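Structure first, commentary second.
We did not get these values from a lab; they are worked out from the coordinates using the rules stated. Keep in mind that what you see is a predicted model, and the values were worked out from it rather than measured. Every residue, glycine among them, receives a Cβ derived from its backbone with ideal geometry; neighbour counts consider all protein chains shown.
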Amino acid sequence: MNAPTIRQSFCRVCNCNCGILVHAEDGHVTRVIGDPAHPVTAGYTCVKGRAQPELLAHASRLLRSRKRIGSEFTDIDVEQAMDEIAGQLAQIRDRHGPRAIASYLGTFITANHVTAPLIDSFMRELGSPMTFTPIPIDKPGKEISRALHGTWQAPAQGFDRPDVCLLIGANPSVSYTGFPSGHPQRWLREPTDRGMRLIVVDPRATPVARRAFLHLQPRPGHDPAILAAMIRVILAEDLLDAQFVAEHAEGLDTLRSAVAPFDPAVVAVAADVPPATWCSPLVPGPGGAAGPSPGPDRACRRRARCASTSCFC
């Protein structure tokens, strides 16, 4: 029996790549915890990262390539599997053309960082543009809103040290979405202790919402209207960063017309939130950040981008 070991590594469950300490005994991982010495994540890990020993030792984990014959699966050498798969793909391509073959990459490509460039090269040589990820399948609003709104090529100003942070349906202490990479609880504690105004729009009283300067709990599905009403007040009361918008944005009159129907009092009644408390915390400061969770539709995402451009630069 070998002595237990502890090795420094990084988690590959998602693209945050948190620093971890891996406890192993006799060649088996027995425990995974956050690495307190990691300069970015400082000991933080999510439940998925800590569950890796169970994942690695799971009875259903595939350790060899498998081939289905009838209703049964049998082990097959990887070389033979690749030859048979290549033969089938060649038949499909020759019969139906390259577009009949598609690829899909999920978040777990982070487990091996050569997977994405490998499949990109493969599809390019195959001549098929049919490549998919969770972005167009699960959350197309992210890319559609970016295309409609346009992209600020420089980094977001003040994202690591904002004066105002607006979160829509995000719970970074669990999902990591919405905060900079690192230890989410520590990141939240330090800016709020410094005076950052955290605004949360979420029907749920999440751990992050409980620390908010302002927590709006609307009926589900009303966040796009709330954002539109916020933008209307920002424009009507000249709370925007006029110099930045004049120098770097266009379409302000179009935006003004688009949000004109969203009267805050009417939206407040429909969303079941208190009126007249929404926009004063959004007065521009030296820096800020606005972000929805991964799921919201393109209307919510685009309006979050418009609010960010108008106020947070």
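Output ³J(HN,Hα) for segment 126-135: one whole-Hz value per residue in order, computed from phi by the Karplus curve 6.51 cos²θ - 1.76 cosθ + 1.60 with θ = phi - 60°, and x for Gly and Pro.
For segment 126-135, the Karplus-derived couplings read 5, x, 10, x, 7, 10, 9, 9, x, 4 Hz, x marking Gly and Pro.
Once you have the Kirkwood Rh of segment 5-56 from its Cα pairs, apply Stokes-Einstein at 25 °C and 0.890 mPa s and quote D in µm²/s. Display every interim value, and only then the final one.
Numbers: Rh = 10.8 Å.
Approximately 228 µm²/s, per Stokes-Einstein.
Find the centroid of the Cα atoms in segment 77-105 and in segment 218-245, then give the distance between the two in whole Å.
Cα centroid to Cα centroid, the span is 50 Å.
Once phi is turned into ³J(HN,Hα) by the Karplus curve 6.51 cos²θ - 1.76 cosθ + 1.60 with θ = phi - 60°, what whole-Hz value does each residue of segment 269-275 show in order, with x for glycine and proline?
5, 5, 8, 6, 10, x, x
If you look at just the Cα atoms of segment 191-272, how large are its Rg and its Dmax in Å?
Over segment 191-272's Cα set, Rg and Dmax evaluate to 14.8, 39 Å.
Starting at the first residue of segment 194-205, write each ³J(HN,Hα) from the Karplus equation 6.51 cos²θ - 1.76 cosθ + 1.60 with θ = phi - 60°, in whole Hz, x for Gly and Pro.
7, x, 4, 8, 8, 10, 10, 10, 6, x, 8, 8
Under a point spin-label approximation (7 Å from Cα along Cα-to-Cβ), what is the Arg210-Leu126 distance to one decimal in nm?
4.8 nm
What's the ranking of 60-71, 208-219 by average number of surrounding C-beta atoms within 10 Å, highest first?
Details: 60-71: 9.0, 208-219: 17.4.
Descending packing order for the listed peptides: 208-219, 60-71.
Among Ser103, Ser128, what is the fewest-to-most ranking by other Cβ atoms within 10 Å? Could the numbers behind the result be given before it?
Working: Ser103 14, Ser128 17.
Ordered from fewest to most neighbouring Cβ atoms within 10 Å, Ser103, Ser128 come out as Ser103, Ser128.
Going by how many other Cβ atoms sit within 10 Å of their own, how do His113, His38 line up, fewest first? Mind dumping the intermediate values first?
Numbers: His113 12, His38 20.
So the ranking, lowest neighbour count to highest, is His113, His38.
Write down, largest first, the equivalent ellipsoid semi-axes of segment 10-94 in whole Å, where each equals the square root of 5 times an eigenvalue of the alpha-carbon gyration tensor. Before the final figure, lay out each step's value.
Values: eigenvalues 274, 59, 21 Å².
Gyration-tensor ellipsoid for segment 10-94: 37, 17, 10 Å.
Students often forget the sequence filter, so: which aspartates and glutamates lie under 13 Å Cα-Cα from Lys67 once same-chain residues fewer than 8 apart are removed?
Here the aspartates and glutamates satisfying the reach criterion relative to Lys67 are Asp75, Asp77, Glu79, Asp83, Glu84.
Which value results for Rg/Rh of segment 66-134 when Rg is the Cα radius of gyration and Rh the Kirkwood radius based on the inverse mean 1/r?
1.01
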